[in-house]
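Here is the structure we will look at, set down as structure tokens.
FYI, it's all coordinate maths here, none of it is from the lab. Predicted model only: the values in this text are computed from it and were never measured. Glycine also receives a Cβ, built like all others from the backbone with ideal geometry; neighbour counts cover every protein chain displayed.
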Amino acid sequence: MYDIPLFDLNYGAEEEQAVLETIRSKWISSGPKCEELERTFENMLGVKHALALSNCTAALHLACFSAGISAGDEVICPSLTFVATVNAIRYMNAVPVFCDIKSLNNLTIDPEKAKKLITDKTKAIIVMDYAGYPCDMDAVMAMAKEYGLKVIEDACHGPLSEYKGKCLGSIGDIGCFSFFSNKNISTGEGGVLTTNDDEIYERCKYLRSHGMTTMSFQRAMGHATQYDVVEIGFNYRMDDIRASLGIAQMKKLRADLVKRAEIRKMYEEQLSNVEGIILPFAGNTEFVSNYIMPVVLKDSTRERRDEIRNFIHSKGIQTSVHYPAIHRFSAYSQFAGELPLTEYAADNEITIPMYSTLTGNQVSFICATLIEAIKTIR
């Protein structure tokens, strides 16, 4: 165990009470709590539709389905992301076309580079808001309009993150969010798909539950006594126990993100002038989730990065890497392209602790340890 972990779960009596109430209600599968979560999420993001799902991978899969992506289609996507972002493309037997990041200061997909990758087979673009920081969505949406592409926002890092006053996940055609255990909203497993498109919403609602026109809760409440299956769907439902946790978590979210912003400011004050590191997104003025705290080593190598991580671990501080480049994985090597910035970031990024209960003393200790490691390990 680390003295300072990478992440700390923001749970308390509210989550315990929420689960207890749901268990006592005698309805624990997908039902009224899932519906409440969906309405709460819609209001929170200012989006027309939210659909509670078993996880964000399910959201990404349904996003690709409802975007009309099919075998042989090309989908532009980042390689510096969790593999689920791109697995969803392959579920459709479509082709991932990896795009490089903008810079080591901005680890999101580069729209100008993406534009050069468009062919007559390109059907969509998936963007990922790294650490909760927005992509250049004006450029992405303009490109999509020009070439008739669907835009899928992998916003799993960014609940309540904003781009020019709009919440991430409400700008593209479809947004996808994760409620995995270490996310800003945590239910253990879970996710949400968002859209302002009625047709996409209706199709995903059926696909979520085997293509059925009604679910068990509607029939139990007497709103229906039978159902049709209109399309071959999946079992991607969330349950009410997890939904109750999500509702409790959303009530805490904005206050938690405000505290994270304060932690981020402390990190920037202590690390921004340190020789040998880059702080991606330094100076950002948008309201963001600060899901993780990344730093990138300058003029370094993967081996040195790993030695520095081991030094930090020896001091009782947990770190991580976000992320290994997907195009380097065995399952994706056939799709690899020229991605020099992505590869450098994947080899030299270190994720240091970020959560709202970090103290000023802990942040100072983390910064001092990182600086010592950089100076010691050449």
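What to note about this one:
- Among 279-289, 123-133, the order from most to least packed when residues are scored by Cβ within 10 Å on average: 123-133, 279-289
- For the chain, a Gaussian network of Cα nodes joined below 10 Å ranks Thr40, Thr195, Thr225 by mean-square fluctuation, and the top entry is Thr225.
- The stretch 138-266: projected area of the alpha-carbon convex hull, averaged over directions, in nm²: 10.2
- A simple packing score, the average count of other Cβ atoms within 10 Å per residue, orders the peptides 61-68, 366-373, 18-25 as 61-68, 366-373, 18-25, with the highest score first.
- Distance violations [Cα-Cα > 30 Å] among Lys123/Lys164; Lys123/Lys298; Lys145/Lys265: Lys123/Lys298; Lys145/Lys265
- Pair-distance distribution of the stretch 1-67: all C-alpha pairs, bin width 10 Å, starting at 0; shares per bin in whole percent are 16, 31, 35, 17, 1.
- Among Val86, Val229, Val151, residue whose mean-square fluctuation peaks in a GNM of the chain (springs only between Cα atoms under 10 Å): Val229
- Added length on full extension, which subtracts the Cα-Cα distance from 0.36 nm per residue, Val83 to Ile28: 16.7 nm
- For the pair Ser70 and Gln270, the difference between a 0.36 nm per residue extended length and the Cα-Cα distance amounts to 67.2 nm.
- Globularity index of the chain is 1.00 (Cα radius of gyration / 2.2 N^0.38 Å, N = number of residues).
- Alpha-carbon Debye profile of the stretch 277-378, log10 I(q)/I(0) at 0.10, 0.23 Å⁻¹: -0.32, -1.29
- Fewest-first ordering of Lys205, Lys26, Lys375 by other beta carbons within 10 Å of each residue's beta carbon gives Lys26, Lys375, Lys205.
- Per-residue ellipticity at 222 nm computed for the chain from its helices equals -12500 deg cm²/dmol, with DSSP H segments shorter than 4 residues left out and the rest contributing -39,500 (n - 2.57).
- Rounded to the nearest 5, the antiparallel percentage of DSSP beta bridges internal to the chain is 55%.
- Computed lengthening from Glu112 to Asp138, 0.36 nm per intervening residue step minus Cα-Cα distance: 8.2 nm
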